Amino acid sequence: MWLSTSCTFKFDISEPTPFLFMLRPRGDLIQHITFEEFIIKPNIKVTQFQDIYGNFYQRFIAPPGKLKIKSNSKIKTNENFNNAYGKEFIEVQSLPENVLLYLLPSRYCESDCFNQMATEITQGLPLGYEQVNAITNWIRNNISFENNNSDTQVSAIEVNNRKYGVCRDLAHLGIALCRSISIPSRIVVGYLYNLEPMDLHAWFEVYIGDGWYRFDATQEANKEGYVVIAYGRDAADVAVYNQYGATLFPSSQKVKVKKIKE
């Protein structure tokens, strides 16, 4: 599937403010980027770097006044790499070293508190895909997806207790449950074609079989049109922007994802 994506942020800046933005999509076997641009107004110096997860950051100091940031891209997605059906559990001693950190509890994914719950959800199932699929279906059937309740960051424990959340929250719960039974899991933030209402989106991936595979409790299984911006342990690692100093909120934010011809 060929997609064009764009994300635009606008801010009203009252004093010089350091920013870290993370809006550049990642290029890999799952998605091939054929066009990309990053626009910032006013024209100020921007430096770029990659974090420990390989995500691309844009770093700058915004002067007082109007600030506009826009990221555009054209991408070909390869959905064949996301079919996890039948993929088997990998024992911890056989996992690649760079995957091991995704077994550990993190700020929003307290996996050390979910072993009993995950064991009950997956009881009697083959190890690997069937376990993750059962966890995803359990979240889909028991946690309400409410896309207008994203005012605060909440952890997997809080999401499980209150029984509702946004896409990020449902991903946190899936991650915590999977890690608790020794399945490496990470959060992903990016775009999704035909998402309603359109916005940036979050889901999770697990390491089973021969690599990472996508699961999303907020959408129907096997939906196409995902574009990855960033990976991390939880939402603290994949914020699309961080600003330092007085708290700022965008005066506007627009996300567009369109299907295009090759």
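What follows draws every value from the coordinates through simple rules; no lab data is involved. Here the structure is a predicted model, which means the values were calculated and not measured. Glycine also receives a Cβ, built like all others from the backbone with ideal geometry; neighbour counts cover every protein chain displayed.
Residues 94, 155, 6, 185, ranked from the fewest to the most other C-beta atoms within 10 Å, line up as 94, 6, 155, 185.
Annotation for residue 49 and residue 198: the two label points, set 7 Å from Cα along the Cα-Cβ direction, are 3.4 nm apart.
Panel order for 113, 7, 167, 178, by other beta carbons found within 10 Å of each beta carbon, from fewest to most: 113, 7, 167, 178. Spatially, the range 194-223 and the range 16-80 are offset by 22 Å when compared through their Cα centroids. Angle, helix 167-180 long axis vs. longest principal axis of the chain, Cα atoms, 0 to 90°, nearest 10? Roughly 40 degrees between the two axes. Listed by chain and number, the lysines whose C-alpha is less than 24 Å from the C-alpha of residue 87, apart from same-chain residues fewer than 8 away, are 223.
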